[in-house]
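Chemist: First the structure, then my questions, so here it is.
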Amino acid sequence: MTTINTVTGTIDSSELGYTLVHEHILSTSAGIKEVYPEFIDKETTIHTAITHLEKCKNEGISTVIDMAPFDLGRDVLLLQEVSKKTNINIITTTGSWIAPPREFVGTDPNLIAPLYVREINEGIQGTGIKAGVIKISTDREGITERFDSVSRAVARAHLQTGVPVLTHTYSPAFVGNEQVRILEEEGVDLNRVCIGHSNDTTNIDYLKGLMDKGAWLGLDHFPGTNPDWDTRTLIIKELIDSGYGERIMLSHDFNLGKHNANLNDQVRRWERNPDGYLFIKHKVLPRLMELGVSEQAVNALNEGNVRRFFENR
């Protein structure tokens, strides 16, 4: 049994149930909610989140990991309100996205790591709400100077707290390999690491290579466009058939939030995926079973695998 921080307190790993490991209830930018709060339609975001998550709860979803750290405008009190009103476990993150503070660039990781540790052990911004995971993010350029210090700081915070690491990558450029290199240099057990956004590539050798090194895969971009969702599902089937099904977790990276930027994009997001957080349940899992994957193996992708990841098994 493993204790996990959520925005409403701690739960045991046995209480995770069906879990989406990489989603966004609201993502904006650091400081927006404090300095320009009118830019965020907070009430609509809360209403949308509650309405959608109540539907998710009714269809068997128990836990959502919201992967917005500080530089994605994390709002833990909003997450707490949504969690309490829906009875969905919501886990928030510390660490960083691809817009870390410029002061962190080139800074000694030992000065940054205690900030992440505090958000795990004591709470975030005086709320007492504690992070349950840590995020590393690197995009298509890989781990440049901009990301080296924060990546190493995440590794060191993980080693001090035991909280698992989930990542943002650009898999078409095989950036997960660079994250693995940094984490290994810092002494992190890769069984505690999930390399995210890994289903934006169809390169099976790359995906198997990450798992052969000991990492988990977050196949957490659904529906996706290139490749399309069915191709992404066929990749899952191939990995399961090759014996890697126990190291895969699924999610959407879908943002429920509403703010004044790119309003048309937000409309199109729901047009592309009217199922929201239920797309995997409605489309991907039935397709896997249609392809011959067992019900047990299908259920493990969002249930047993997630529990084992948190329990370090």
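The values are calculated or read from the model by the stated rules, or taken from the named source; none is laboratory data. Since the model is a prediction, treat every value here as computed from it, not as a measurement. In this analysis, Cβ positions are derived from the backbone assuming ideal geometry, glycine residues included, and neighbour counts consider all displayed protein chains.
Chemist: Every residue in the stretch 220-279 that is of a type in the set (A, V, I, L, M), within 16 Å of residue 196 (Cβ to Cβ) and either in contact with a Lys or Arg (Cβ under 9 Å, 6 or more places away or on another chain) or in contact (Cβ under 8 Å) with a residue 60 or more places away in the chain (or both), please.
Modeler: Correct list: 236, 239, 249, 250.
Chemist: Give me a count of the residues in the stretch 268-298 that are in contact with a helix residue (DSSP H, G or I) (Cβ under 8 Å, 6 or more places away or on another chain) and within 28 Å of residue 48 (Cα to Cα).
Modeler: Residues in the stretch 268-298 being in contact with a helix residue (DSSP H, G or I) (Cβ under 8 Å, 6 or more places away or on another chain) and within 28 Å of residue 48 (Cα to Cα): 11 in total.
Chemist: Next question. Going by the structure shown, is residue 142 small (Gly, Ala, Ser), without any contact (Cβ under 8 Å) to a residue 60 or more places away in the chain, surrounded by fewer than 24 Cβ atoms within 10 Å (Cβ to Cβ) and closer than 21 Å to residue 190 by Cβ?
Modeler: yes
Chemist: Does any residue in the stretch 43-59 that is closer than 18 Å to residue 266 by Cα come within less than 6 Å, Cβ to Cβ, of a residue that is surrounded by 14 or more Cβ atoms within 10 Å (Cβ to Cβ) and of a type in the set (Gly, Ala, Ser) six or more places away or on a different chain, and which pairs are these?
Modeler: 45/257; 52/276
Chemist: Also, I was wondering about something else. Name the single residue that is nearest to the chain's Cα centre (by Cα) among those in the stretch 66-118 being surrounded by fewer than 20 Cβ atoms within 10 Å (Cβ to Cβ), part of a helix (DSSP H, G or I) and touching a residue at least 60 places away in the same chain (Cβ under 8 Å).
Modeler: 80
Chemist: Would you mind stating whether residue 129 is among the aliphatic types (A, V, I, L, M), in a loop (DSSP other than H, G, I, E, B) and surrounded by fewer than 19 Cβ atoms within 10 Å (Cβ to Cβ)?
Modeler: Spelling it out, it is not the case that residue 129 is among the aliphatic types (A, V, I, L, M), in a loop (DSSP other than H, G, I, E, B) and surrounded by fewer than 19 Cβ atoms within 10 Å (Cβ to Cβ).
Residues checked against (1) surrounded by fewer than 24 Cβ atoms within 10 Å (Cβ to Cβ); (2) under 14 Å from residue 242 (Cα atoms):
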site	(1), (2)
189	yes, no
193	no, no
207	no, yes
212	yes, yes
216	no, no
226	yes, no
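Chemist: Related question: Would you tally the residues in the stretch 195-205 being buried (at least 17 other Cβ atoms within 10 Å of the Cβ) and touching a helix residue (DSSP H, G or I) at 6+ places or on another chain (Cβ under 7 Å)?
Modeler: Qualifying residue count for the region: 6.
Residue by residue, here is whether (1) exposed (fewer than 13 other Cβ atoms within 10 Å of the Cβ); (2) at pLDDT below 95; (3) touching a Phe, Trp or Tyr at 6+ places or on another chain (Cβ under 8 Å) holds:
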residue	(1), (2), (3)
14	yes, no, no
18	no, no, no
22	no, no, no
30	no, yes, yes
40	no, yes, no
45	no, yes, no
54	no, no, no
57	no, no, no
63	no, no, yes
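Chemist: Only one residue in 187, 214 is without any contact (Cβ under 8 Å) to a residue 60 or more places away in the chain, assigned to a loop (DSSP other than H, G, I, E, B), closer than 30 Å to residue 119 by Cα and more than 20 Å from the chain's Cα centre (by Cα). Which one?
Modeler: Unique residue meeting the criteria: 187.
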